[in-house]
Amino acid sequence: DAKTTQPNSMESNEEEPVHLPCNHSTISGTDYIHWYRQLPSQGPEYVIHGLTSNVNNRMASLAIAEDRKSSTLILHRATLRDAAVYYCILRESKSNYQLIWGAGTKLIIKP
Amino acid sequence: DTAVSQTPKYLVTQMGNDKSIKCEQNLGHDTMYWYKQDSKKFLKIMFSYNNKELIINETVPNRFSPKSPDKAHLNLHINSLELGDSAVYFCASSIGTHPSNEQFFGPGTRLTVL
């Protein structure tokens with residue numbers, strides 16, 4: 001079972017920042033936080049990952065709470081092409097670091 | 001260039017048939033995976049191979065048999081297909097098994113069993 005909790009859906013306006021929250025209260029010291037997204041009728045796509053510190057890449061930023069029990073994926077300027085299901089995944093040592101997928105957050109972008 | 005490719009893209013077949021789905025990656029990765037995404041859109045790991053050796057084998061009926069002829073290929077053979085096997089099957093690859101390694105996914109194969 002997935003060890004993360006995300007809202008079922010979120011809406012945002014085009015060209016505005018989007019903050020997608022994720023709770024992972026059972027996280028332990030060696031567990032990694034990964035984000036993937038799945039655009040309609042496509043395979044999942046890696047977005048970003050982190051362990052303890054905040055991370056930035058060309059797609060997004062990942063803000064990790066100090067206690068690591070939650071994180072937020074930040075899309076700085078959402079476009080219509082960012083409409084997708086976003087999955088927050090805890091890669092746990094006790095699950096052999098597998099990707100265990102939940103239902104994700106469906107992000108709707110309004111023009 | 002396609003990084004992870006799967007064939008066929010669509011597969012429609014009758015119950016009881018045997019079918020195969022092929023996956024190839026041109027990324028030079030050591031680790032490959034098969035996932036199943038059911039009608040409720042949940043993705044579940046089925047198998048993982050690292051350097052052609054099976055390392056993850058989730059609770060999957062033994063009608064499903066993966067085969068890795070080399071590091072660049074991971075095929076999935078399914079015997080005696082059942083209605084419940086209808087799903088989208090995704091192949092993925094990663095450079096290795098470290099938890100920081102990102103996985104690259106193929107476009108999926110939509111299997112419909114009639």
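The values are calculated or read from the model by the stated rules, or taken from the named source; none is laboratory data. Because the structure is predicted, anything quoted here is derived from the model rather than measured. Please note: Cβ atoms are built from the backbone with ideal geometry, for glycine as well, and neighbour counts cover all protein chains shown. Note: accessible area is taken over every heavy atom of the protein model, side chains too, but ligands, DNA and RNA are not part of it. Shrake-Rupley method; radii C 1.70, N 1.55, O 1.52, S 1.80 Å.
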Dipole moment magnitude, nearest 20 debye, chain B about Cα centre, only Lys, Arg, Asp, Glu C-beta charged: 280 debye
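Filter A:Lys94/B:Lys71; B:Lys9/B:Lys52; A:Lys3/A:Lys110; B:Lys9/B:Lys44; A:Lys94/B:Lys44; A:Lys3/B:Lys71 down to the pairs with a C-alpha to C-alpha distance above 21 Å, please. Please list the in-between numbers first.
Values: A:Lys94/B:Lys71 26 Å; B:Lys9/B:Lys52 24 Å; A:Lys3/A:Lys110 30 Å; B:Lys9/B:Lys44 19 Å; A:Lys94/B:Lys44 17 Å; A:Lys3/B:Lys71 31 Å.
As for pairs spanning more than 21 Å Cα to Cα, those are A:Lys94/B:Lys71; B:Lys9/B:Lys52; A:Lys3/A:Lys110; A:Lys3/B:Lys71.
Considering only chain A, what is the antiparallel percent among its DSSP beta bridges, to the nearest 5? Please report the intermediate quantities before stating the final value.
Details: 28 of 33 bridges.
DSSP beta bridges in chain A are roughly 85 percent antiparallel.
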Spacing of the two label points (7 Å from each Cα toward its C-beta) at A:Ala65 and A:Asp1, in nm: 1.9 nm
Probe 1.4 Å, accessible area per residue of the protein assembly as shown, Å²: 50 Å²
Dipole axis of the protein assembly as shown (+1 Lys, Arg; -1 Asp, Glu on Cβ), positive-most option in A:Ser9, B:Tyr49, B:Val60: B:Val60
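If we count every other residue with Cβ under 12 angstrom of A:Glu16's Cβ, Lys/Arg +1 and Asp/Glu -1, where does the sum land?
Numbers: positive: A:Arg77, A:Lys110; negative: A:Glu11, A:Glu14, A:Glu15, A:Asp82.
The answer is -2.
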Rounded D (µm²/s) - chain A, Kirkwood Rh over Cα pairs, Stokes-Einstein at 20 °C, 1.002 mPa s: 154 µm²/s
Rough spin-label spacing in nm, given labels placed 7 Å along Cα→Cβ, for A:Ile108 and A:Thr30: 4.3 nm
Accessible-area composition of region A:1-103, carbon plus sulfur, in percent [1.4 Å probe]: 45 percent
Dimensions in Å of region A:1-40 - Rg and Dmax from alpha carbons: 12.9, 37
Accessible-area order (highest first, 1.4 angstrom probe) of the listed residues B:Phe105, B:Phe90: B:Phe105, B:Phe90
Highest-fluctuation residue, B:Asp70, B:Asp85, B:Asp30 considered, GNM on chain B with Cα pairs under 10 Å: B:Asp70
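Filter the GluC sites (Glu not before Pro) in region A:17-110 down to the DSSP loop ones having no more than 16 other Cβ atoms within 10 Å, then list what survives. Spell out each step's value before the answer.
Working: sites: A:Glu45, A:Glu66, A:Glu92; in loops: A:Glu66, A:Glu92.
For GluC sites (Glu not before Pro) across region A:17-110 that sit outside H, G, I, E and B with at most 16 neighbouring Cβ atoms in 10 Å, the list reads A:Glu66.
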Residue-span extension gain [B:Ile55 to B:His98] - 0.36 nm each, minus C-alpha spacing: 14.2 nm
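Stokes-Einstein diffusion coefficient for the protein assembly as shown at 4 °C in a medium of 1.567 mPa s, Rh from the Kirkwood formula over Cα pairs: what value in µm²/s?
Values: Rh = 18.2 Å.
Translational diffusion coefficient: 71 µm²/s.
How large is the dipole of chain A about the Cα centre if only Lys and Arg carry +1 and Asp and Glu carry -1, each at its Cβ, rounded to the nearest 20 debye? Spell out each step's value before the answer.
Values: 11 positive and 11 negative charges, 35 e Å.
With Lys and Arg at +1 and Asp and Glu at -1, about 180 debye.
Based on the mean of other Cβ atoms within 10 Å per residue, sort peptides A:19-25, A:4-10 so the most packed one is first.
A:19-25, A:4-10
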Between A and B, accessible area buried - total, square angstrom, nearest 100, 1.4 angstrom probe: 1500 Å²
Label-zone membership for region B:80-104, site A:Gln42, 7 angstrom Cα→C-beta point, backbone N under 15 Å: B:104
Heavy-atom accessible area, 1.4 Å probe, ligands and nucleic acids excluded: residues of region A:66-108 down by at least 40 Å² from chain alone: A:Arg91, A:Gln98, A:Leu99, A:Trp101
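Which order do you get for A:Ile108, A:Ile27 if you rank them by accessible area with a 1.4 Å probe, largest at the top?
On the way: A:Ile108 65, A:Ile27 25 Å².
Result of the area sort, largest leading: A:Ile108, A:Ile27.
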Rounded if a/c under 1.5, otherwise prolate or oblate - chain B, Cα gyration tensor axes: prolate
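Considering only protein heavy atoms and a probe of 1.4 Å, how much of the accessible area of region B:1-108 is carbon and sulfur, as a whole percent?
Working: 2710 of 5510 Å².
The nonpolar share, carbon plus sulfur, comes to 49 percent.
Of the DSSP beta bridges with both residues in the protein assembly as shown, give the percent that are antiparallel, rounding to the nearest 5. Mind showing how you got there, number by number?
Details: 64 of 73 bridges.
If we restrict to bridges inside the protein assembly as shown, about 90 percent are antiparallel.
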